[in-house]
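Heads up: the structure comes next, in structure tokens.
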Number of protein chains: 2
Amino acid sequence: MSQVKQPTPHALSSLMTEFENSCRRADLKVTHQRLEIYRELTEAHDHPSAEMLYRRIITRLPTISLDTVYRTLATFEKHGLITRVQTVESQARFEAEMVKHHHAVCSKCGVITDFTWETFDAAQVPDTLAVWGKVFKRHAVLEGICTSCSPKV
Amino acid sequence: MSQVKQPTPHALSSLMTEFENSCRRADLKVTHQRLEIYRELTEAHDHPSAEMLYRRIITRLPTISLDTVYRTLATFEKHGLITRVQTVESQARFEAEMVKHHHAVCSKCGVITDFTWETFDAAQVPDTLAVWGKVFKRHAVLEGICTSCSPKV
DNA sequence: TATATTAATAAGAATCATTACTATTCGTGA
DNA sequence: TCACGAATAGTAATGATTCTTATTAATATA
């Protein structure tokens, strides 16, 4: 029931050509591994982990290494070809603050700042989500550059 | 500039008493380690990791082990005394979908579902954030129970 | 088309965050 | 004060990710 539609089988080949062009533009060599990883990720609708992708791809490329999957995903992400699903970072962070609040993360220094946002807390979630299930919690993560990291005027 | 105010030094002791009561209510023994970990986290305003807390606490409790910090934080979280800063999970997840969208996570099965939310994308962020810096990206994470995990009626 | 250049890969070791194991210590109720 | 079980320290183990290095392969060019 995802609101974001998936490519039709027919659209996939043109997506792959587009991908190859993106690679060339970015000076990335078009390798089997990269094609397979990108294709697998495009066809997957379950936000797979590197490990999950690896297990799926190895059936077609038996010699591919897990490291290649990790490295390739990082490369794709750097070039804006794919997205890493929003996580603050691998290390878990904690807080004793129990008042409902949200987080602004500075992409330069990584500092996480709390802020409250009543409008968001009260906003109605999209109707389409009613089919999905019952929403209990909501959390907003903003990303940007904090004042102390901004180039001084 | 955080919008969520911190406890005044004066309020801290009552906070600690409150904490001890919470522990007793939850059948958690009130140990030095737990008190120190909770106090350190209450005084910290930087969303520390377990490792960071450990390094701070070891100066006062030289024999505390890192494992205790991890275990205690998990215990506190389970009893709702602290919060783990929103991350989907420790394993990074990826997606090729480049259309702007958000995520609904089912807390039972863990499945991540994409959805679009134009109202949120267009909503004005709180004025107070202007002081913080420039916001480039925003992302909403909803948590709930998806239909297939809901008890059948 | 063959070749040189250089990026990309495979394999496995290393690292980092986190969790598990086990003997010992300590908080708490009787 | 004592006995009990929960909590802890110390260390080993695990899981995810990254690094190292020798090898392979994509691409530009002759």
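Considering only protein heavy atoms and a 1.4 Å probe, what is the carbon-and-sulfur percentage of the accessible area of the range A:9-78?
On the way: 2100 of 4060 Å².
For the range A:9-78, the apolar C and S fraction of the accessible surface comes to 52 percent.
Model label points for A:Asn21 and B:Val111, set 7 angstrom from Cα along the Cα-to-Cβ axis, are 3.5 nm apart. Placing a label point 7 Å from Cα along the Cα-to-Cβ axis, A:Tyr70 is separated from the same position in the other copies by 1.7 nm, shortest listed first.
May I ask you to give the solvent-accessible area per residue for the range B:9-78, in square angstrom, as obtained with a 1.4 angstrom probe?
Values: 4050 Å² over 70 residues.
Here the residues of the range B:9-78 average 58 Å² of exposed surface.
For peptide A:73-85, what's the mean number of Cβ atoms from other chains within 10 Å of each residue's Cβ? The mean count of partner-chain Cβ atoms within 10 Å per residue comes to 3. Between copies, how far apart are the B:His45 label points? List them in nm, one decimal, shortest first, with each point 7 Å from Cα toward Cβ, please? Going from nearest to farthest copy, the values are 4.6 nm.
First select every other residue whose beta carbon is under 12 angstrom from the beta carbon of B:Glu36; then total the charges, Lys and Arg +1, Asp and Glu -1. Mind showing how you got there, number by number?
Values: positive: B:Arg34, B:Arg39, B:Arg56, B:Arg60; negative: B:Glu40, B:Glu43.
Residues near B:Glu36 contribute +2 overall.
Once Rg and the Kirkwood radius are both taken over the C-alpha atoms of the range B:9-78, their ratio Rg/Rh works out to 0.94.
In Å², and per residue, what accessible area does the range A:94-153 have when probed at 1.4 Å with the other protein chains present? All intermediate terms of the calculation are to be shown ahead of the outcome.
Working: 3160 Å² over 60 residues.
Solvent-accessible surface per residue comes out at 53 Å².
Ranked by the mean number of other Cβ atoms within 10 Å of their residues, highest first, the peptides B:106-118, A:15-27 come out as B:106-118, A:15-27.
Distances, shortest first, from the label point of B:Glu118 to those at the same position in the other copies read 2.8 nm; the point lies 7 Å along Cα to C-beta.
Buried accessible surface for the A/B pair, both sides summed and rounded to the nearest 100, is 6200 Å² with a 1.4 Å probe.
The values are calculated or read from the model by the stated rules, or taken from the named source; none is laboratory data. These figures come from a predicted structure and were not determined experimentally. Positions of Cβ are generated from backbone atoms using ideal geometry, with glycine treated the same way; all protein chains shown enter the neighbour counts. To get the accessible areas, we keep the full protein, side chains included, count just its heavy atoms, and leave off ligands, DNA and RNA. Shrake-Rupley method; radii C 1.70, N 1.55, O 1.52, S 1.80 Å.
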